[in-house]
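Take a look at the structure set out below.
The values are calculated or read from the model by the stated rules, or taken from the named source; none is laboratory data. Note that this is a predicted model, so its numbers are computed, not measured. Cβ sites come from the backbone with ideal geometry, for glycine too, and all protein chains shown count toward neighbours.
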Amino acid sequence: MIDIDTKTNPLIQYYENLGFKSEIFENKKIFKVFSSAAEEINSLYNGVGLRNISNLGILELSGKDVLDYLHRISTNSLKNISKESVEQTIFTSEKGKIIDIATIMNFEDHQLLICSEAHKNRVKSWIEKYIIMDDVKVNDPNGNYALLEVLGPQSDSFMTLVCGNVINEIELNKFKSVRSEGIMFFLSKLRSSNGHFKFWLLTDPENAVKLVDYMRNNKGIFDFNLIGEDAFNSFRISQGIPVAPNELNDQYNPHEANAIGLVNFTKGCYIGQEVIARLETYDKVQKYLKGISFNEPIDETGEYNLFDEEKNEAGKVTSVAYSYKCGKHIGLAYLRKTYLQEGTSLIARNGNGKDIPVTVKNIPFRK
């Protein structure tokens, strides 16, 4: 998503020139659909999809103490990560609540931090808040970067078509500088939520246009589609992928968000460490992120709280979308421990007081 004031953004302009319709959402230009949501979903599950994720918050960090500093204030072990490594970590408050999940790309002489758009300013302020004597500088590059994501079960083979054998030379959670068809970019190999490889392509906006144009016109036999917001939102809910601010915010901790894999319990202190460790040690986590399926059509813009048959509060719905795979509306919700069993029947109630039956589902969803 791009600020609507940024009228000359090359990639947004490129899509609009091709005839794709943008919409304004929260003062941003977005593309909800490129072909059709059903076709795009099919590419995510069976082919290869291309997303523009330049809306994510990107910060430049410089100084000799950056990795050591991030290691001390966030949940994962970062101080010894090697050059051209990609690592995720969580910034948590003193109460162990989530500020944001961030991805660190280590260029050795500087680092890029990629976080959510919603929490970018807070992450920047949080990092700067604790700098005392550390040699750490934080800069907002303000649109100098474009970030593309290629994902789906065909993504590995498709990127070999685009880049050649360099795909096989890049280790998982690493990145390399690549020149393909005269286009320069940094290519990261990552793991998608469903176990397949996915790739991030980091470059400038002008080269991003060239990359997208090349991939669109050289897709070969692949089931390739540009992925709009509607399709990806449905996909990420079905995969149980939390995003900010819906699921990742200061109401929840990493245990509850199923993000505890990004917490290193042996590295020592970080902000929020005592609370998170105590929750682990004494089994005090009271709720977890789960899936739900709605048993009738819903208003996707509504807010829903969950109750059991005795009208006891069971949880809160954080995201909803129509699932083309399941043929019904699905959602993510934080549920109290009592209601985590798959198949549990609950009632969703929106602001109008209408009750809609829902069923608890494990994530990722199975059809």
Original post:
hydrophobic (A, V, I, L, M, F, W, C), surrounded by 16 or more Cβ atoms within 10 Å (Cβ to Cβ) and over 24 Å from the mean Cα position of the chain (by Cα), is that true of Ile330?
Top reply: no
Subject >> Selection from segment 32-43 of residues that are in contact (Cβ under 8 Å) with a residue 12 or more places away in the chain and either surrounded by fewer than 17 Cβ atoms within 10 Å (Cβ to Cβ) or touching a strand residue (DSSP E or B) at 6+ places or on another chain (Cβ under 7 Å) (or both) >> reply: Lys32, Phe34, Ser35, Ala38, Glu39, Glu40, Ser43
Original post:
Could we say that Gly331 is of a type in the set (Gly, Ala, Ser) and at pLDDT 95 or above here?
Top reply: yes
Subject >> Near pairs, Cβ below 6 angstrom, 6+ apart or cross-chain, from segment 117-146 (within 17 Å of Glu94 (Cβ to Cβ) and in contact (Cβ under 8 Å) with a residue 24 or more places away in the chain) to any residue that is of a type in the set (A, V, I, L, M, F, W, C) and outside any loop (DSSP other than H, G, I, E, B) >> reply: Val123/Cys115; Trp126/Phe91; Trp126/Ile99; Ile127/Val138; Tyr130/Ile73
Subject >> Number of the condition not met by Thr75 [criteria: (1) of a type in the set (Ser, Thr, Tyr); (2) surrounded by fewer than 16 Cβ atoms within 10 Å (Cβ to Cβ); (3) modelled with pLDDT of 95 or more] >> reply: (2)
Original post:
Could you list, in sequence order, the residues of segment 36-94 that are of a type in the set (A, V, I, L, M, F, W, C), within 18 Å of the chain's Cα centre (by Cα) and part of a helix (DSSP H, G or I)?
Top reply: Ile41, Leu44
Original post:
Quick check: anything in segment 332-341 in contact (Cβ under 8 Å) with a residue 60 or more places away in the chain and not basic (Lys, Arg)?
Top reply: yes
Original post:
Of all residues in segment 285-315, how many are charged (D, E, K, R), under 24 Å from Lys97 (Cβ atoms), surrounded by fewer than 18 Cβ atoms within 10 Å (Cβ to Cβ) and under 27 Å from the mean Cα position of the chain (by Cα)?
Top reply: 1
Original post:
Before we move on, is Ala118 aliphatic (A, V, I, L, M), at pLDDT 95 or above and in a strand (DSSP E or B)?
Top reply: no
**OP:** Residue by residue through segment 23-35, note down the ones that are at pLDDT below 95 and not in a strand (DSSP E or B).
**Re:** Glu26, Asn27
Subject >> Spans of strands (runs of 3 or more DSSP E) in segment 148-207 with at least 1 residues in contact with a Pro (Cβ under 8 Å, 6 or more places away or on another chain) >> reply: none
Subject >> Yes/no for Ser319 being over 16 Å from Leu346 (Cα atoms), touching a Gly at 6+ places or on another chain (Cβ under 9 Å), at pLDDT 95 or above and small (Gly, Ala, Ser) >> reply: yes
Original post:
within 27 Å of Tyr270 (Cα to Cα) and more than 22 Å from the chain's Cα centre (by Cα), is that true of Glu181?
Top reply: no
**OP:** Search segment 87-105 for residues that are over 15 Å from His71 (Cβ atoms) and pair each with any residue that is of a type in the set (Lys, Arg) when their beta-carbon atoms are under 9 Å apart and the residues are at least 6 apart or on different chains.
**Re:** Gly96/Arg278; Ile99/Arg122; Asp100/Lys120; Asp100/Arg122
Original post:
What number of residues in segment 175-199 are touching a residue at least 60 places away in the same chain (Cβ under 8 Å) and of a type outside the set (D, E, K, R)?
Top reply: 6
Original post:
Within segment 253-267, is even one residue over 20 Å from Lys337 (Cβ atoms), of a type in the set (S, T, N, Q) and crowded, with 20+ Cβ neighbours inside 10 Å?
Top reply: no
Original post:
Considering only segment 173-202, how many residues are buried (at least 21 other Cβ atoms within 10 Å of the Cβ), under 14 Å from Leu50 (Cβ atoms) and not hydrophobic (A, V, I, L, M, F, W, C)?
Top reply: 1
Original post:
So which of Pro254, Pro242 is under 15 Å from the mean Cα position of the chain (by Cα), outside any helix (DSSP H, G or I) and either without any contact (Cβ under 8 Å) to a residue 24 or more places away in the chain or over 23 Å from Leu346 (Cβ atoms) (or both)?
Top reply: Pro254
